[in-house]
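A short worksheet on the structure shown next.
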There are 2 protein chains.
Amino acid sequence: MADEPSASERVWTAAVVVIGDEILSGRTQDQNLAFIARWLNLQGIRLREARVVPDDVAAIGGAVTECLAAYDYVFTTGGIGPTHDDVTVEAIAAALKLPVVRHPEAEAMLRRHYGERITEARLRMARVPEGAQLIPNPETGAPGIRLGRLFILAGVPKITQGMLRGLEGQLEGGRPLLSAAVGAWTAESRVADLLARTQADHPEVQIGSYPFWRDGRTGANFVIRAVEPARLRAAVDALKHALAADGIEAVEGEL
Amino acid sequence: MADEPSASERVWTAAVVVIGDEILSGRTQDQNLAFIARWLNLQGIRLREARVVPDDVAAIGGAVTECLAAYDYVFTTGGIGPTHDDVTVEAIAAALKLPVVRHPEAEAMLRRHYGERITEARLRMARVPEGAQLIPNPETGAPGIRLGRLFILAGVPKITQGMLRGLEGQLEGGRPLLSAAVGAWTAESRVADLLARTQADHPEVQIGSYPFWRDGRTGANFVIRAVEPARLRAAVDALKHALAADGIEAVEGEL
C-alpha cells in the first residue's frame, strides 16, 4: 500500500471486531466502525481490517486471535453487557487461554452504582480475562477492558465513544494519514487514465475515486491520502492541473 | 448457535466482504451490509460474518478465499469501477488462480452505452475472472459478476441493491429466520436472569437484548429469532409473561 511513510518509519496498524447478531441480521446499522476509524487515524494508527461476527464464542475467539496475530492493536465492540447473549469476555478469555476473574475495581464500582440492587447478573459486568485493566466508561459505569494491545469496548455508540476518549493519547502510534479531496462534475470513467497517471507519478500517496449521482448529474470525489503534507499538496495540485488541462472544472474539497 | 432448525434441515450461510479504503478511513459509512443482511434472510440464507478490507490485492484475495472456504455464498461490494483503485476483479482472479478476461456481453453492453466515448478505462468494467457470468445492473449498465457461489457487486448502495434485485429467487436457501421483538422500559441488567431462564427454556430460539437510553429513561428491546413460527410465538409469550410476573410492562414490537 502507498501509505508507508518510509522504510525507517514504523506504521502502526489495527483491526476492529464488531460483535453482534443484530448487525449480521440487519436489525442494527453499525455506527462504531467509522467513528473508530477516524479516532484511530488521529492516534496515528491505520485501521487495516474490520470483521463482524455473531454473539458466538468460537466466532469471536477466532476473529480476535487472527486479528491479534496480524495487527498491532485490536478493538472489539459489543457483547460486554449483563445479559446471557453477552459472551465477549468468556470468548476472548477462552481463545487466549486465560481464566475469567472478577476485577475488584470493577466490582467495587458496580456495587457503588447499584447499592442494594446489585445482582449476580450485574456483577457479570465485572468479569475480565485475568490480567486485564479497566477502561473507564463515563456514560454508564460498567467499564471496558484492556488486555495489552486488545481493547474490549461496549457496543452502544455513545458508550464506545466515551471509552475511546479515555484512551486518547495512551496508544503508541505514528504519524496520522492526512487526506484532501478534489471534486469534479465528471464521470470517473472519463478521467480514469488521468487519475492512473497522477497516481503513477505520485506513488507515495493513495488516490481513491468515489463517483456519485446527484440531481441528475454525474460527479466524482477524488480523495488523496499521504503522511507528508508536501506530498499531499503536490499530488492535489497535480490532479487539479491535469483535470483543468482536460477541460474539467474541479474544486478542492468534496462536492 | 440456536438457529439450526433441525439436524436434517440444511442451513445456508454467507459472508460479505466489503472492499474499500474509504470505509476503513472512516470517510464513508457502509450502507450495504445491513441491506444485504436483510436481503439474504429473505432468501433463506444466514449472514454469518462480514469483513472490511482495503483496496489491496492481497487483502481482498485473502478475505475472499477464507470466506469461500467457510460459507456457502460470498458477496463482495466495491472496487469494480473503471479507475486505478478498483482492483477487486484482479485480486479475486489472482486468489482463485484464474486469468482475467474481457466478457463479450459486458464489452458489447459498454460499447453500446458509451458509443464513440468508449475507452480502455471504461472497458475495464468488462473484465471478469474467466468462467464468470454477469449480474445485470439496472442503474448504470456496468454489470456485477457471478463466479459460482461468489457474487462480486458494486459498492454504491443504489447499484448494489439493483444487482441484488436481479439475483432474487436464484440462490438456493433454506427457511428464513423469523424475528419478533418485545420492548420494555427497564434496565436489561434488572431482567438478565429472567432473560437467561427464558433462553434456557427455549433453546431452539435466540434471544438478544438491546438496551437503549431515550428521553432520560432506560429501556431495552428483546429480539427473538427462530425458524419455526410456533416456537417463536411460544418464546415471545413466555418472555412477556415472565416480564409481567416481575411487574414489568412490556409491549410486543420494538420500543
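The values are calculated or read from the model by the stated rules, or taken from the named source; none is laboratory data. Since the structure is predicted, the reported quantities are computational estimates derived from the model, not experimental observations. All Cβ positions, even for glycine, are placed from backbone atoms using ideal geometry, and neighbour counts span all protein chains on display.
Observations on the structure shown:
- Test for residue A:189: is it more than 25 Å from residue B:120 (Cα to Cα), polar (S, T, N, Q) and at the interface with another protein chain (Cβ under 9 Å from one of its Cβ atoms): no
- In the stretch B:116-142, of all residues being closer than 20 Å to residue B:55 by Cα and within 14 Å of chain A (Cβ to nearest Cβ), the one that is surrounded by the fewest Cβ atoms within 10 Å (Cβ to Cβ) corresponds to B:123.
- Checking each residue in the stretch A:197-211 for being surrounded by fewer than 17 Cβ atoms within 10 Å (Cβ to Cβ) and closer than 19 Å to residue B:124 by Cα picks out A:197, A:200.
- Every residue from the stretch B:41-62 that is touching a residue at least 60 places away in the same chain (Cβ under 8 Å) and either of a type in the set (A, V, I, L, M) or closer than 11 Å to residue B:19 by Cβ (or both): B:42, B:45
- Restricted to the stretch B:1-101, the set of strands (runs of 3 or more DSSP E) holding at least 2 residues that are touching a strand residue (DSSP E or B) at 6+ places or on another chain (Cβ under 8 Å) and hydroxyl-bearing (Ser, Thr, Tyr) comprises B:73-77.
- In the set (1) over 30 Å from residue A:232 (Cα atoms); (2) touching an Asp or Glu at 6+ places or on another chain (Cβ under 7 Å); (3) surrounded by fewer than 20 Cβ atoms within 10 Å (Cβ to Cβ), the condition left unmet by residue A:12 is number (1).
- The single condition among (1) assigned by TED's automatic domain parsing to the domain that holds residue B:28; (2) of a type in the set (A, V, I, L, M, F, W, C); (3) more than 24 Å from the chain's Cα centre (by Cα) that residue B:163 does not meet is (3).
- Restricting A:79, A:44, A:61 to those that are closer than 24 Å to residue A:106 by Cβ, surrounded by fewer than 24 Cβ atoms within 10 Å (Cβ to Cβ) and more than 10 Å from every other protein chain (Cβ to nearest Cβ) reduces the list to A:61.
- Any chance residue B:92 is modelled with pLDDT of 95 or more, closer than 24 Å to residue B:175 by Cβ, buried (at least 19 other Cβ atoms within 10 Å of the Cβ) and not basic (Lys, Arg): no
- Selected residue (only one of B:119, B:77 is closer than 18 Å to residue B:22 by Cα and either touching a Lys or Arg at 6+ places or on another chain (Cβ under 9 Å) or assigned by TED's automatic domain parsing to the domain that holds residue B:54 (or both)): B:77
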